[in-house]
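Data block below; observations after.
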Amino acid sequence: MAQLATSFHEYGAWRDALAGSIVQLRRWLESTQLLEGDAARRLDVALDRLSEDKLVIAFVAEFSRGKSELINAIFFADYGRRILPSSAGRTTMCPTELMYDESLPPCIRALPIETRARFGTTADFKKAAAEWRVFAVDTNSPDGMLQAFKLVSETVRVSVDEARMYGLYDPEDKDQAVAVDRDGMVEISRWRHAVINFPHPLLKQGLVILDTPGLNAIGTEPELTLSLVPSAHAVLFVLAADTGVTKSDLDVWRHIVGDSGATHNHIAVLNKIDGLWDALKSESEIEAEVAKQVASVSATLGLAPARVFPVSAQKGLVAKVTGDQKLLRASRLPALEAALVDLLVPAKQRIVREQTQAVIERVTGEVRQALTARERSLIEQLYELRALQGKNQSSIERMLIRAQAESRDFEENVRKIVAARVVLARLANEAYAPLRLESLRARVLETRERLRKVRLTPQFFSAVKDYFQQLRELLRQSNAKIAEIEKMVLGVQRRFAEDLGWSLSPPMPFSLDTYLAELERAEEAYRSHFGALAVLTRDKWALIERFFDTVVSKSREVFAAAERDTEAWVRSLLPPIEVQVREQRQQLKKRAESVARIRDAQESLDARIGELEEALEDVQRRLEELKKFAGQARTLASRETAASVRAAAAADADTPAYLRVEI
Ligand SMILES: Nc1nc2c(ncn2[C@@H]2O[C@H](COP(=O)(O)OP(=O)(O)OP(=O)(O)O)[C@@H](O)[C@H]2O)c(=O)[nH]1
Ligand SMILES: [Mg+2]
C-alpha cells in the first residue's frame, strides 16, 4: 500500500494546490470587481468538483474468488488482521462501498433488503436517509470494527414467495432451487446495499472501494451493472488459480465488459497462486505454471497479458501483517498495487486537469478581454485629449459633439444585445423542452403502460427498444437546437466584430453526444442481460421490471445532467459580449461627460489626462496580475505526478508502465 498511499497523497496534494490557486484567482477577481456572476459560478463549480473528487475502484468477481481478501490485503493490512469478512462460500452478501465523508462519524449505513419490493433504485433510496439503518463503528477497536463489518455478510431466511418479490429467486435456476430448505425457505442477504464510512488515509483522499457480492448479484442488482461498476475508474476482475476461468466467471466478465463498453480500465487478477506453490516443484516450474495460467486467462478474456496479475491475496495479507518481505514478494501483490496506481492516478489526473484548465482559461480569457477593451478605450481617449492640448474652445466643442454622438450611436449595440437575449431565451427554451423531466416522464408512463399490456410476450423487447429510441430522439432534438443557438451566437459575435472590431472567443463547443452514448450503453446493458431470453417467466419478469426501474432511474440522471449542462452552457454564451458592451458604454459616457466638463472649464484638460493615465496604469497592472495568476494556475495544473510521468514514458515506449516498475 505504500506505493498507493504515496501516489494518492501526491495526487491529493496536487488537487488541493490546484483548488488553492483557483481560490486565489477568485479572491483577486472579487477584490478588483472583475468577477462576473457567470464566471463566479463556473469557478465555484470547478472548486466543488475538486473537493468532491472521488476515485472509485470496483472489485468484481464470482463468489469466493477472494475480492474481500484482496481489499484487506491491499488496503487494510495495517490493522493487523482481516477487516472485511472473507471466508469460504458466499461471504459478502450486498454491494459494499467503503468511503469517507467527513461530515459523518465513522459508521455503516445499510439499506434493508425489503426496499427491493418497492419502487426505486439504490440511488433513489440514497436520497432518503430515513430508509437506511445506521450503525456506529469504533475505529479505535479493531475487534469492534471487525464485528461491525460483519454486517455485510448478514443473511435472513425468507419464504420463496418473499424472495421472489425481491427478485432474488428464480425457480429455473437449478442452484437456487437446491437452496430451498425443507420448510420452503431460502437464505438471502439482509441488506440491499451498505456504505461504510471510515477514516482510512486513502479513503480520506477521495478513494472509494466498491466490494461486490459474487454469484448472481450482477444479474439481480442491476445498478451494479448500469451505474456503479461502469462509472468506476478502475475495475478489478478477480479469478482464482484453483478454479481457472469457469463459465460463471465468464458470465460476470461479459456483463461488466459489455456494460462498460471498454476494457481500458480493467485489470484481471488471478488470485490464490499460492495453490500452485509446491515444495516438490522447482521455482522455474512453478513460474512456468503461473505464466501458462496467465496466458490462458489473457486469451479467454481478450485482455493483454500485461493486464493479468497473478497474486496471492491471502499470503500478501499474512506477509504484510507479519512483515515477511520474502513472502510479500512471492505473493506478487506489490506488482498489482503498482499497476493500480499507474492505471488510476494518471487517467484521473488527466480528466481533472482538463476540466479545471478549461474553466481557468475561459474565465481568465474573458477577464483579459474585458481589461484589454478597457485599456484600448483609455488609450484612445488619452490620444484624443492630448490632441486637444493647446487647441481652442471650438475644437473642444466639436469633440464634445462627436463624443456625444458616439455614445448615442453605441446605444444601438445595447439594443442588439437585448434583442439577442430575447432570441436566445426562446431558442434555449426549445432546447430545454425535450430534456425536461416532464417529457421523459411521459415516455416512461407510456412505456410502462405498454409493458403491462405486452407482459410476458416477445413484444416486450420492442417496447423497450422504442423507449430508448424515443429518448435518443429527444436528445437529438435538443442537440439540433443547441447547434442553432451556437450559430446564432456566432452571428451576433460576427456583427460585433465587423461593427466594432472586437475579437470575442467563440462559444465553448457543446453537444449532448456524451449523453447519447450513455443511453446507448444503458440499452446495450439491457440487451446483453435480456436480449437472449427466449422464454419470459413470471420470475424473470420481476427481474426485468426491476432492471427497467434502473433504466428509468439512469435515464432520469442522464436527462437531468443534460439539462443542467445545457443551461450552464447557454448561461455562458452572452456574458462575454454583455460585459464588453457594458464596459464600452460606460467608457463612452464617461468620455462625453469629461469633455463636457473640460468645455465648461470645470476640469482642466491636464487633470483629466492625468486621471486617464492613472486609470491606464491601473488596468495594465491588473493585466499583469491576471497573467501571473493564470500562469500560476496553469503551471500547477500541468504538473505531473510521478505515476503520470511513468505512464507517459510507458506510452512512449509502448510498454505498460507496471511491467517496468521495480518491486
Ligand atoms: N489459498 C488462498 N485462499 C484465498 C486467497 N484469497 C482468498 N482466499 C480464500 O478464498 C475464500 C474466499 O475469499 P473472499 O475474500 O471471501 O472471496 P470473495 O470474492 O469476497 O467472495 P464473496 O464475498 O462470497 O463474493 C476465503 O476462504 C479466503 O480465505 C489466496 O490468495 N489464497
Ligand atoms: Mg467478499
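Annotation note: Cβ proximity below 9 Å between a residue of the range 441-453 that is surrounded by fewer than 16 Cβ atoms within 10 Å (Cβ to Cβ) and a residue that is polar (S, T, N, Q) (sequence gap 6+ or interchain) occurs for GLU446/GLN470; LYS453/GLN459. Inspection of the range 31-49 finds no residue satisfying the criterion of being out of contact with any strand residue (DSSP E or B) (no Cβ under 6 Å at 6 or more places or on another chain) and within 16 Å of ligand 1 (Cβ to nearest atom). The set of residues in the range 594-623 that are among the small types (Gly, Ala, Ser) and without any contact (Cβ under 8 Å) to a residue 12 or more places away in the chain comprises ALA601, SER604, ALA607, GLY610.
Residue by residue, here is whether (1) over 25 Å from ALA123 (Cβ atoms); (2) within 13 Å of ligand 1 (Cβ to nearest atom); (3) buried (at least 20 other Cβ atoms within 10 Å of the Cβ) holds:
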position	(1), (2), (3)
GLY66	yes, yes, yes
PHE76	yes, yes, yes
CYS94	no, yes, yes
PRO106	no, no, no
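Among the residues of the range 537-584, the ones that are surrounded by 16 or more Cβ atoms within 10 Å (Cβ to Cβ) and basic (Lys, Arg) come to 4 in all. Can you find even one residue in the range 129-144 that is of a type in the set (D, E, K, R) and under 30 Å from LEU445 (Cα atoms)? Yes: one or more hits. With respect to the numbered conditions (1) crowded, with 17+ Cβ neighbours inside 10 Å; (2) within 15 Å of ligand 1 (Cβ to nearest atom); (3) at negative phi, which one is the sole condition not fulfilled by ARG329? For ARG329, the exception is condition (1). Taking the stated definitions as given, is ILE57 at pLDDT below 90, outside any helix (DSSP H, G or I) and within 16 Å of ligand 2 (Cβ to nearest atom)? The answer is no for ILE57.
Here is the figure for the range 222-274: residues that are modelled with pLDDT under 85, acidic (Asp, Glu) and in contact with a strand residue (DSSP E or B) (Cβ under 8 Å, 6 or more places away or on another chain) total 0.
Rundown of residues vs (1) buried (at least 16 other Cβ atoms within 10 Å of the Cβ); (2) modelled with pLDDT of 90 or more; (3) over 30 Å from ARG597 (Cα atoms), yes/no style:
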{"site": "GLN404", "(1), (2), (3)": "yes, yes, no"}
{"site": "ALA419", "(1), (2), (3)": "no, yes, yes"}
{"site": "ALA431", "(1), (2), (3)": "yes, yes, yes"}
{"site": "THR457", "(1), (2), (3)": "no, no, yes"}
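Farther than 30 Å from GLY491 by Cβ, assigned by TED's automatic domain parsing to the domain that holds ALA373 and out of contact with any Gly (no Cβ under 7 Å at 6 or more places or on another chain): is that true of PHE548 in this structure? Step through it out loud before you land on a result.
Working: farther than 30 Å from GLY491 by Cβ: yes; assigned by TED's automatic domain parsing to the domain that holds ALA373: yes; out of contact with any Gly (no Cβ under 7 Å at 6 or more places or on another chain): yes.
Taking the combined requirement at face value, the residue satisfies it.
Could you check, for the range 128-138, whether at least one of its residues is within 16 Å of ligand 2 (Cβ to nearest atom), in contact (Cβ under 8 Å) with a residue 24 or more places away in the chain, among the small types (Gly, Ala, Ser) and not in a helix (DSSP H, G or I)? There is no residue in the range 128-138 that is within 16 Å of ligand 2 (Cβ to nearest atom), in contact (Cβ under 8 Å) with a residue 24 or more places away in the chain, among the small types (Gly, Ala, Ser) and not in a helix (DSSP H, G or I).
If only residues of the range 98-119 that are under 17 Å from THR550 (Cβ atoms), out of contact with any helix residue (DSSP H, G or I) (no Cβ under 7 Å at 6 or more places or on another chain) and touching a residue at least 12 places away in the same chain (Cβ under 8 Å) are counted, the one that is farthest from ligand 2 (Cβ to nearest atom) is ARG116. Screening the candidates PRO346, PRO310 for the property of being away from ligand 2 (no atom under 16 Å from the Cβ) and closer than 21 Å to VAL245 by Cβ yields one hit, PRO310. Candidates are the residues of the range 309-362 that are small (Gly, Ala, Ser) and assigned to a loop (DSSP other than H, G, I, E, B); the one that is nearest to ASN265 (Cα to Cα) is SER312.
Just wondering, is there one or more residues in the range 33-40 that are more than 16 Å from ligand 2 (Cβ to nearest atom), at pLDDT below 90, of a type in the set (S, T, N, Q) and assigned to a helix (DSSP H, G or I)? Give the derivation first.
Residues of the range 33-40 more than 16 Å from ligand 2 (Cβ to nearest atom): 33-40.
Narrowing the set further to residues that are at pLDDT below 90 leaves 33-40.
Then drop every residue that is not of a type in the set (S, T, N, Q), which leaves 33.
Right, trim to assigned to a helix (DSSP H, G or I) and you get none.
Checked against the condition, which is being more than 16 Å from ligand 2 (Cβ to nearest atom), at pLDDT below 90, of a type in the set (S, T, N, Q) and assigned to a helix (DSSP H, G or I), the range 33-40 yields no hits at all.
The values are calculated or read from the model by the stated rules, or taken from the named source; none is laboratory data. Here the structure is a predicted model, which is why all the values come from computation and not from measurement. A quick note on method: Cβ atoms are made from the backbone with ideal geometry, for glycine too, and the neighbour counts reach across all protein chains shown.
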